[in-house]
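A quick write-up on the structure given underneath.
The values are calculated or read from the model by the stated rules, or taken from the named source; none is laboratory data. Given the structure is predicted, the values throughout are model-derived calculations rather than measurements. Because the Cβ atoms are built from the backbone with ideal geometry, glycine has one as well, and the counts that use them run over all protein chains shown. Calculation scope for accessible area: heavy atoms of the full protein, side chains included, ligands and nucleic acids excluded. Shrake-Rupley method; radii C 1.70, N 1.55, O 1.52, S 1.80 Å.
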Amino acid sequence: MPVGRTLTRAVHQALSPVCGCQVLSTSVRCISFSPRQVTSSDASFHSVSFSETDHPRVLITGGLGQLGVGLAKLLRKRYGNNNVILSDIRKPPDHVFHSGPFIYSDILDYKNLREIVVNNRITWMIHYSALLSAVGEANVQLARAVNITGLHNVLDIAAEHGLRLFVPSTIGAFGPTSPRNPTPDLCIQRPRTIYGVSKVHAELMGEYYHHRYGMDFRCLRYPGIISADTQPGGGTTDYAVQIFHDAIKEGKFECYLKPDTCLPMMYIDDCLRATLEILEAPAECLTMRTYNINAMSFNPEELVNEVRKYLPDLQVSYNVDKVRQGIADSWPVKFDDSNARKDWGWKHDYDLSELVTVMLNILNSETRVARAN
Ligand code: SER
């Protein structure tokens, strides 16, 4: 593990709380099986441990990031509380710890991850551990370790144990030479961030393992995700979450992107439902293994105008961050998700006005509760 030891404790501390990602482990990898030993005639091996009639046994990595807790809640309702295990390297808050199974898991520790999969008879893995775009640029080595080395561990364990594997990709998997408006599923992908490079790598590796070994790999390219209960960390689209918190608490907001920077975005409920739907989609519906999903596109000015309909006194200033502006300028303006809509019936529920209403309703009631206490 040559990368991690050079990284400072400060970097780990700065990163860990915000992104639900994994820090580095020093364990030695020991693989008793390699998917590289499986020939194409063995491609059915992936169905050995999973029967479609059983409930899946799900492991979510990076479970304390923006999406894990919400996805666990959704999957637990469907498959039973004990069939969905959240994992992370950080201590869970009380409400997470008491809501269902939670365990320590470090994706950079191959043996630890394999032990968890074996002991819990895992059949599906949702791999949420990752460093996002802006924080990845600040810590390229750590992003490379978590997003690429970690993915290799996950892929090999998924192949070894016949798991269905979901890995999210992102608008960040595209770059300045991609068509931006709209961006189709298949086009030039030359991202300029380590985050984007690692996600293109994940898409390609997952698809390769699918075609080479029959692994049941499924991937959605998420837009920027907006949620009230959990916050992202270190992303370029984070402003669209922060504005709601600042508008309610401070009555003012400073935006690090220019007012006309338009990006694809999605409310968390749509994102989690899309994830459930692709996980449950019959294999024969999937003509591809990596799909764009789209809901809305807006720029900061449009979001501000919508928020001001409810909070007319909101003060907004712009203080452009060069790194994040550069990243945003290279990303899609709008996703073409026609293949997801055609193949497995994807349809979003929330557009900009519904997003703003639901976010303000949730955060306003939280503020009232906090004040009442
Ligand atoms: N939300 C991510 C980021 O901004 C994009 O997928 O980095």
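For the full complex of protein chains and a 1.4 angstrom probe, list 331, 344 by accessible area with the highest value first.
Values: 331 10, 344 30 Å².
Reading off the accessible areas and sorting them downward yields 344, 331.
Where does the charge balance sit around residue 96 when Lys and Arg score +1, Asp and Glu -1, over other residues with C-beta under 14 Å from its C-beta?
Details: positive: 73, 76, 90, 91; negative: 88, 94, 229.
In short, +1.
Residue 207 contributes an accessible area of around 60 Å² to the protein surface, as traced by a 1.4 Å probe with all chains present. Straight-line cross-link reach from residue 111 at under 25 Å between alpha-carbon atoms covers these lysines, not counting any fewer than eight positions away in the same chain: 91, 199.
With a 1.4 Å probe and every protein chain left in place, work out the accessible area per residue of region 228-310 in Å², rounded to a whole number. It would help to have the intermediate numbers written out before the result.
Values: 2940 Å² over 83 residues.
Result: 35 Å² per residue.
A straight Cα-to-Cα reach below 23 Å connects residue 258 with the lysines 249, 309, 322, 334, residues fewer than 8 places away in its own chain not being considered.
For region 208-269, divide the Cα radius of gyration by the Kirkwood radius and give the resulting Rg/Rh value with two decimals.
Rg/Rh for region 208-269 comes to 1.18.
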